[in-house]
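These notes concern the structure reproduced below.
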Amino acid sequence: MTTWSYDPGSGATTVTLSAYALPSAVFQMDTGRIYTATSTPASAAVEQYLVQTAAELDGILRGQGYSTPVTVSPALELLSYYNSLGANALALQSAPTGGGKRDEATALWENAKKMLATGEIILDAERDTVNATGSTRYKATALICRDRDV
């Protein structure tokens with residue numbers, strides 16, 4: 001998701017930040033809110049929230065032994081949804097109004113992270129066999145849940 005490159009000749013560093021979801025996915029989660037360049041939060045802030053929550057997802061995934069960024073479906077579709085949940089939660093937290101939506105969005109985001117971090121959801125995605133830090137007891141499959149008695 002984040003690409004760093006360094007040119008030793010010029011000393012220039014290039015950083016490319018990206019996310020699993022588009023801002024439009026976040027905008028669709030709260031159709032009662034209009035995001036503009038001057039709204040609170042601004043549409044540019046939503047883009048940053050997507051990058052921030054994608055990085056958080058990648059950290060969790062690396063901890064579970066996955067290669068990141070994930071680039072295969074259906075895992076990519078799930079991560080796109082989770083990325084949108086996270087950015088929506090941050091957007092609502094920074095909005096002047098949000099009420100119950102703010103708490104609900106935050107709970108959904110926290111639950112999504114928990115399911116990935118605890119292995120309740122197993123992605124059909126490539127495992128990092130070189131730098132694996134997570135559990136390698138389970139192979140990645142098309143299934144998205146596992147039996148806790150295993």
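So the values come out like this:
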{"quantity": "Positions within segment 56-94 being part of a loop (DSSP other than H, G, I, E, B) and under 16 Å from residue 19 (Cβ atoms), in sequence order", "calculated": "68, 69, 70, 71"}
{"quantity": "Count of residues meeting criterion [surrounded by 15 or more Cβ atoms within 10 Å (Cβ to Cβ) and among the charged types (D, E, K, R)] in segment 90-120", "calculated": "3"}
{"quantity": "Residue 53 being closer than 16 Å to residue 18 by Cα and crowded, with 18+ Cβ neighbours inside 10 Å", "calculated": "yes"}
{"quantity": "Test result for residue 87, touching a Ser or Thr at 6+ places or on another chain (Cβ under 9 Å), buried (at least 16 other Cβ atoms within 10 Å of the Cβ) and more than 25 Å from residue 130 (Cα to Cα)", "calculated": "yes"}
{"quantity": "Members of segment 13-48 found to be loosely packed, with under 10 Cβ neighbours inside 10 Å and at pLDDT below 65, listed by number", "calculated": "13, 14, 15, 16"}
{"quantity": "Odd one out for residue 34, checked against (1) among the aliphatic types (A, V, I, L, M); (2) in a helix (DSSP H, G or I); (3) within 30 Å of residue 96 (Cα to Cα)", "calculated": "(2)"}
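The values are calculated or read from the model by the stated rules, or taken from the named source; none is laboratory data. Every value quoted in this text rests on a predicted model; they were computed, and no experiment measured them. For neighbour counting, all protein chains shown are included, and Cβ atoms are generated from backbone atoms with ideal geometry for every residue, glycine included.
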